[in-house]
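The values are calculated or read from the model by the stated rules, or taken from the named source; none is laboratory data. Computed from a predicted model, the values in this text were never measured in an experiment. Backbone-built Cβ (ideal geometry, glycine too); neighbour counts: all protein chains shown. All accessible areas refer to the heavy atoms of the entire protein, side chains included, with ligands and DNA or RNA removed. Shrake-Rupley method; radii C 1.70, N 1.55, O 1.52, S 1.80 Å.
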Amino acid sequence: MNKPTVQLNSTFKVPPLTNAVACEEDERRVGVKIGGQVDRRECAALVFELIGGYVEGDADRVAQVTRQVGASARVGEVLAEATRFAAYLTAEARAAGARLKARQIRTGVLSRLAATVPPHHELAVSAALDALFEGRFHAAAAAFGDGPAGDLIALHALTAFTAMLGIRVAAPGEFTSANLAALASILHRRD
């Protein structure tokens with residue numbers, strides 16, 4: 001039996017991460033072995049905390065969460081969770097009729113990254129975004145780089161994008177750092 005949906009705010013509903021069948025299906029679809037429900041919740045909580053830092057424009061918070069992600073040696077798993085939430089939010093935005101131009105996305109993401117990542121990472125994200133908008137997916141992946149360092153740059157880009165998108169498509173004051181932190185704390189408490 002599925003648990004009720006956790007409500008992030010009145011616009012977006014996030015399904016709980018405790019359904020074992022969904023976890024296994026997500027692992028097959030994404031191609032990343034998550035290692036269990038508790039691990040997924042921890043990774044998702046880190047994602048929500050990182051997005052919250054970008055929502056608030058809090059470079060110190062982003063740096064702190066980034067250090068936690070790096071120290072966990074689970075950058076790829078956290079990136080997989082960020083991808084799941086970004087895909088969900090993007091689908092919700094499309095269903096709501098939100099339309100963003102490539103220029104808006106690029107500007108929104110890069111403006112959030114400017115205060116949080118070194119310039120060479122910002123340039124990598126810029127090159128990756130340009131390649132994505134042109135449909136050159138291999139070039140986009142190459143711009144991020146290989147291994148955990150590349151995954152970390154991709155994580156920054158994806159969470160900055162998610163923050164920008166959430167703010168743009170949610171009702172004013174609904175996609176907040178506080179809502180994301182509350183969701184992260186719920187995920188941390190579950191066993």
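Under the criterion of Cα pairs below 8 Å and six or more residues apart, the relative contact order for region 118-171 equals 28 percent.
Roughly speaking, what is the centre-to-centre gap between region 41-98 and region 103-144 when only Cα atoms are used, to the nearest Å? Measuring centre to centre over Cα atoms gives 16 Å. Hydrodynamic analysis of region 96-154 uses the Kirkwood radius over alpha carbon pairs. Inserted into Stokes-Einstein at 10 °C and 1.306 mPa s, it gives a translational diffusion coefficient of 133 µm²/s.
Rounded to the nearest whole Hz, the Karplus-based 3J(HN,Hα) values (6.51 cos²θ - 1.76 cosθ + 1.60, θ = phi - 60°) of region 170-186 follow the sequence 7, 4, x, x, 9, 8, 10, 4, 5, 5, 5, 5, 5, 5, 4, 5, 4, with x at glycine and proline. Taking all protein chains together, His156, His138 sort by accessible area into His138, His156, largest first [probe 1.4 Å].
The alpha carbon convex hull volume per residue for region 58-121 rounds to 107 Å³. When the alpha-carbon atoms of region 45-91 are used, the pair Rg, Dmax equals 10.7, 32 angstrom. Legend: translational diffusion of region 40-191 by Stokes-Einstein, Rh = Kirkwood radius over C-alpha pairs, 20 °C, 1.002 mPa s; D = 139 µm²/s.
The value of relative contact order for region 54-157, using C-alpha pairs under 8 Å at least six residues apart, is 31 percent. The His138 and Ala73 beta-carbon pair, evaluated with R₀ = 25 Å, returns a calculated FRET efficiency of approximately 0.40.
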